[in-house]
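The values are calculated or read from the model by the stated rules, or taken from the named source; none is laboratory data. Keep in mind that what you see is a predicted model, and the values were worked out from it rather than measured. Note: ideal-geometry Cβ built from the backbone for every residue, glycine included; neighbour counts use all protein chains shown. When the accessible area is computed, the model is the full protein with side chains, heavy atoms only, and any ligands, DNA or RNA have been set aside. Shrake-Rupley method; radii C 1.70, N 1.55, O 1.52, S 1.80 Å.
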Amino acid sequence: MKHIYLLFFLILISKLTFAQTPLPDALITEDSIPDRVPEFPGGTRSFYNYISQNVHYSDIANLIGITGRVVVSFVVNKEGEITRVTPVNCIGAGCEAEAVKVIEQSPDWKPGIYNGRLVNVIYNIPITFDVNDRKVTMANLRKSNYGFVFSIKGSLYTIDEAEKILGGSFMSTQIEIAVPFYNYNKISKFDTPDKKEIYLLVFKSKKD
């Protein structure tokens, strides 16, 4: 069961800046609160519900149990439309694309007002993807439609090689990022033509 958490308390204080037209936008500091901040239809709680009901995990994200937070930057313009949607960071496994899609498909907001004028407002919204901590088994990875290359302490390994290091399973929280692997150097041992896509699983470095 997925759990998606949106950190709303950051919206009004530390996670938004304001841009006033005409272009080029004059940036307003975070401490400068406008007469009216933009508002999602129904308010903050409705925005939370919209996000939780519409964010979906990709097959690969579910398979490896990816966990992490994607910060999405976007602008609520003077017409209340959502524009300039961009992921600020990356955790992979399609999470950035999914977060961007959901924000882009948001219904129009009530636009912000600053000094009596409609303004463009820039938001940075963190969305946490959490599929519950779990053991990921090498057997399930082999049975999937995906191939995998493992990056462990800066070195690349096939699934067979990684199994000798990690054992038959590992915790999903050990994965730092999961991105498509294109094998530009044409290393034959990483070729998996029977799989529809190959992913590079980068493991977190253990701190001493």
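Maximal additional length on extending the Asn185-Lys206 stretch stands at 4.8 nm, based on 0.36 nm per residue less the C-alpha distance. Shape of the stretch 89-195 from the C-alpha gyration tensor: prolate (a/c of 1.5 or more and a/b above b/c, with a ≥ b ≥ c the square roots of its eigenvalues). Taking a spot 7 Å from the Cα of Arg45 along the direction of its beta carbon, which residues of the stretch 82-118 have an amide N less than 13 Å from it? So the set is empty, nothing qualifies.
For a paramagnetic label modelled on His56 (point 7 Å from Cα along Cα→Cβ), amide N atoms under 17 Å away belong, within the stretch 93-109, to 93-106. With q set to 0.14, 0.21, 0.22 Å⁻¹, the log10 of I(q)/I(0) for the stretch 125-170, from the Debye formula over equal scatterers at the Cα positions, is -0.43, -0.79, -0.83. Kindly flag which residue pairs out of Lys135/Lys164; Lys101/Lys196; Lys143/Lys206 have an alpha-carbon separation exceeding 19 Å in this structure. With Cα atoms farther than 19 Å apart: Lys101/Lys196; Lys143/Lys206. Amide H contacts of Arg134 (H built 1.01 Å from N, in plane; Pro and chain starts excluded): Ser172, Thr173 sit under 5 Å, all sequence-distant by 5 or more or on other chains. Taking 0.890 mPa s as the viscosity and 25 °C as the temperature, the Stokes-Einstein diffusion coefficient of the stretch 71-149 based on its alpha-carbon Kirkwood radius rounds to 162 µm²/s. With R₀ fixed at 45 Å, the C-beta to C-beta distance from Asp108 to Lys195 puts the FRET efficiency at about 0.65. For the stretch 49-156, the solvent-accessible area of protein heavy atoms averages 43 Å² per residue (probe radius 1.4 Å; ligands and nucleic acids excluded).
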